[in-house]
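Values in this text are rule-based calculations from the coordinates and carry no lab data. All of these numbers come straight from a predicted model, not from anything done at the bench. All Cβ positions, even for glycine, are placed from backbone atoms using ideal geometry, and neighbour counts span all protein chains on display.
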Amino acid sequence: MNAVAIEALAPVSLFISDLHLTAERPATNDRFFRFLSSAAAGVAELYILGDFFEAWVGDDALADPLHAEVAAALRALSARGVRVHLMHGNRDFLLAEAFCRASGAELLPEPFIADLYGQPTLLMHGDALCTDDVDYQHFRRMVRDPAWQVAFLRRPLAEREALARELRNRSEQIKGDKRPEIMDVNAEAVAAAFRRHGVQRMIHGHTHRPARHGLVVDGVACERWVLPDWYETGGYLACDATGCRLVMLD
């Protein structure tokens, strides 16, 4: 067995989210490619928990040069023996099987319970926990509806891209008028998720507020890890049999 194959068996799982990859932010794209060739290259698993791309309007967007480069880089990582898992976010909920075939990634349902070295762990993007943002939750239900998605994907690619830009611009304007706490997770929604799934650890992104939160749910000690976004520096969560730790990139 060669050295690369041995490194790929290291019992470590990495978690990232909210990269928002786009040609408009080349520094973030470069940081991601360096991450794949360094920190992610020798681990057992890489989990991407949503908002991987700034927007994804359908798998025919794979023709975009950046999208093709990202898929090829993930395929190369997968070929090293690293298992790549992908979850939808609020920006890229239309990622589908064609992208998975091109990238070698496995598309996970949300939520998903992963067995991390004997510790059942609830994985989510995190937007479903922000229940105080009533307007956003209404929008989320609409765009996750299969009928809405079928109708959207029937539109020409250029039209879908223009609509995605319009939605992003509108979203940024609306967020500027909202109190920050409204866009954070709701404490009862978090507790309910722990109860529903019977776990003591949760990992999610979306809020861009990286931290470890300790809490007690029905007398049971739990922990909630929030992943960093990649707008400025980026970072990841590394988990193994001893626990988890946040690592921020330069």
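Send over the per residue convex hull volume for the range 25-120, Cα only, as a whole number of Å³.
98
Between A187 and A27, what is the spin-label point distance in nm, taking each point 7 Å from the Cα along the Cα→C-beta axis?
So the label points at A187 and A27 sit 3.7 nm apart.
Assign unit charges at the C-beta atoms only (+1 for Lys and Arg, -1 for Asp and Glu), then state the dipole size of the range 3-248 relative to its Cα centre in Debye, rounded to the nearest 20.
So the magnitude is around 200 debye.
Write down Rg/Rh for the range 56-191, rounded to two decimals, with Rg from the C-alpha atoms and Rh from the Kirkwood relation over Cα pairs.
Using only Cα positions, Rg/Rh for the range 56-191 is 0.99.
When each pair of different Cα atoms in the chain is counted once in the 1/r mean, what is the Kirkwood radius in angstroms, to one decimal?
18.8
Under a GNM of the chain (C-alpha, springs under 10 Å), which listed residue has the highest mean-square fluctuation: D133, D218, D18?
Among D133, D218, D18, the largest mean-square fluctuation in the Gaussian network model of the chain belongs to D218.
Near G205, within a Cβ-to-Cβ distance under 10 Å, what is the net charge of the other residues, with Lys and Arg +1 and Asp and Glu -1?
In short, -3.
So which cysteines in the chain don't have a second cysteine's C-beta under 4.7 Å from them?
Within the chain, the cysteines lacking a partner Cβ under 4.7 Å are C100, C130, C222.
For S38, S78, S17, what's the fewest-to-most ordering of other Cβ within 10 Å of each Cβ?
S38, S78, S17
Based on DSSP H runs of at least 4 residues, each adding -39500 (n - 2.57), what is the mean residue ellipticity at 222 nm of the chain after dividing by all its residues, to the nearest 500 deg cm²/dmol?
Result for the chain: -10500 deg cm²/dmol, rounded to the nearest 500.
Less than 12 Å from a label point 7 Å out along the Cα-to-Cβ axis of R80: which backbone N atoms in the range 19-55 qualify, by residue?
33-46
For a quick check: sort L77, L62 by the number of other beta carbons within 10 angstrom, fewest at the front.
The most exposed by this proxy come first: L62, L77.
Once the other residues with Cβ under 12 Å from the Cβ of R140 are scored (Lys, Arg +1; Asp, Glu -1), what is the net sum?
-2
Once the dipole of the range 3-248 is set up with Lys and Arg at +1 and Asp and Glu at -1 on Cβ about the Cα centre, which of L122, H88, S103 lies farthest towards its positive end?
L122
What does the net charge come to around A221 if you take all other residues with beta carbon closer than 15 Å to its beta carbon, with K and R at +1 and D and E at -1?
Spelling it out: positives minus negatives among the neighbours equals +2.
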